[in-house]
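Heads up: the structure comes next, in structure tokens.
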Amino acid sequence: PSSHSYRGLTLVLTFLSYTSYHLSRKPISIVKSQLHPNCSALGPNPHNDSNSTTWCSWAPFDGDNYKELFGALDNAFLVAYAIGMFISGIFGERLPLRYYLSGGMVLSGLFTSLFGLGYFWDIHVLWYFIIVQVCNGLVQTTGWPAVVACVGNWFGKGKRGLIMGIWNSHTSVGNILGSLIAGAWVSSAWGLSFVVPGIIITAVGIICFFFLVEYPEDVDCSPPLHHVMTTSEKDPEAVTSNEGPLSLSGQSSVDHHSNSPKEPAEELEAISFLGALRIPGVVEFSLCLLFAKLVSYTFLYWLPLYIVNVGEFWGQRGGTSLAREASPHPSALPTAHFGAKEAGDLSTLFDVGGILGGIFAGLISDYTGGRATTCCVMLVVAAPMLFLYNHVGQNGIGTSIAMLIICGALVNGPYALITTAVSADLGTHESLKGNAKALSTVTAIIDGTGSVGAALGPLLAGLISPTGWNNVFYMLIAADVLACLLLARVVLKEARGWCGPMARQRGYVVT
């Protein structure tokens, strides 16, 4: 097969791989409503010897503290994921990526299934579910560094933003499929909402083990241009004259014999956590992602509940909606009658917007050469859009759909760009002198820092939401602004580059 065939295979396999990762993470947000449902809506209590109003709930989530217990489940996974991500990249660089990724997927399938088996085994001990979530969070960190490293090994920088923007839709596709698959069994046997995704991720992991190719050199294909940097250091024009430093072609007049995967073994050992932090831009983009992912994951975990409960909050202190006050027919607004399933289905539009935003961000950043500027502009526009969604987004189903897609695009666009193209760019930065083996560590640092925000966002939303949904949105807007400010230095570098002699060269990269 040709190099193009292998590249296509790599994209497809890594896409399916990370789709299944997100598919296996989503069921918990869908099943929560079944672990503690509104029992009175199901009819009279069939247990005549009990006056409990939570007879249909699943212990230990049948108490008044069920929200805190759900928060504990979320944070058990997210905190373990954030901690594990910082070490995952180090292991990913030193182990064969194919084994590392496949093993992690099989273990993820095991722990996802174990959560659902609690239903069939009639387990009602909180610590069982907490431990399973912690273990699942740790093993799921194998996915992101491995898939980004594989794609980065095969694709140079010329169209990396667009390619990875399209490829990164696996996150949203996984969330959507996870919602639909979990929803199919949530009311009848919620255990299957976890077991089926667990089987799917295990099966995809086995497929990746047999068919994934880690490096172009493994099948006698030419590596992409980022593997060669020595010529650009001596004569910058030598590389930039061929589609700029972001070339995708993988063709170069430089001898590729020096790019054997065996030869950079010492450089593989040399890159360390601190060494990766010293790569220009890693710290700024990592901190930016912390706040961008905080916003994204708050929507991921709380949006269905917001859609269901916003009608109730309109009458509470701190949660009055301008849309309802301004409407001549408040009772006609559609949010009040949304059930858990309808709200879950509607919330997938946020992920649809995320797909569009990721592609748009990648395309624009490829064209302009300004990754940081693209992120910054989208974050700036996202802040007022979040404000508008909270105040007028519920003013009719059409408005709600449009605002969800727009907010999803603006919130997830920068998040997608940083975790994919930016991570791959920095992992093959010219300061590494041709060592492209830093991809896994750099990706893990950036996404690990972002995962801290992913853990903080839902936690803060849970603490703030009792004071009103307005305050939750103010917190999200503040996070967006902070994410933008943290990129200011890199944006200024890109702006100076455009104003300099390189301004007319399409592939300008700030170093």
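So, in Å, what gap is there between the alpha-carbon centers of segment 350-405 and segment 58-76?
Result: 32 Å between the Cα centres.
Can you give the three extents of the C-alpha atoms in segment 1-143 along their principal axes, from longest to shortest, in whole Å?
70, 29, 23
Tell me, what is the per residue accessible area of segment 1-124 in Å², probe radius 1.4 Å?
Value for segment 1-124: 45 Å² per residue.
If you wrap segment 366-499's Cα atoms in a convex hull and average its projection over all directions, what's the area in nm²?
Projected over every direction and averaged, the Cα hull of segment 366-499 covers 9.7 nm².
Just to check I understand the Karplus step: with θ = phi - 60° and J = 6.51 cos²θ - 1.76 cosθ + 1.60, what whole-Hz values come out for segment 177-184, glycine and proline as x?
5, x, 5, 5, 5, 5, x, 5
Given N residues in segment 367-427, what is Rg(Cα) / (2.2 N^0.38 Å)?
1.32
The values are calculated or read from the model by the stated rules, or taken from the named source; none is laboratory data. Keep in mind the model is a prediction, meaning the values are calculated, not measured. When the accessible area is computed, the model is the full protein with side chains, heavy atoms only, and any ligands, DNA or RNA have been set aside. Shrake-Rupley method; radii C 1.70, N 1.55, O 1.52, S 1.80 Å.
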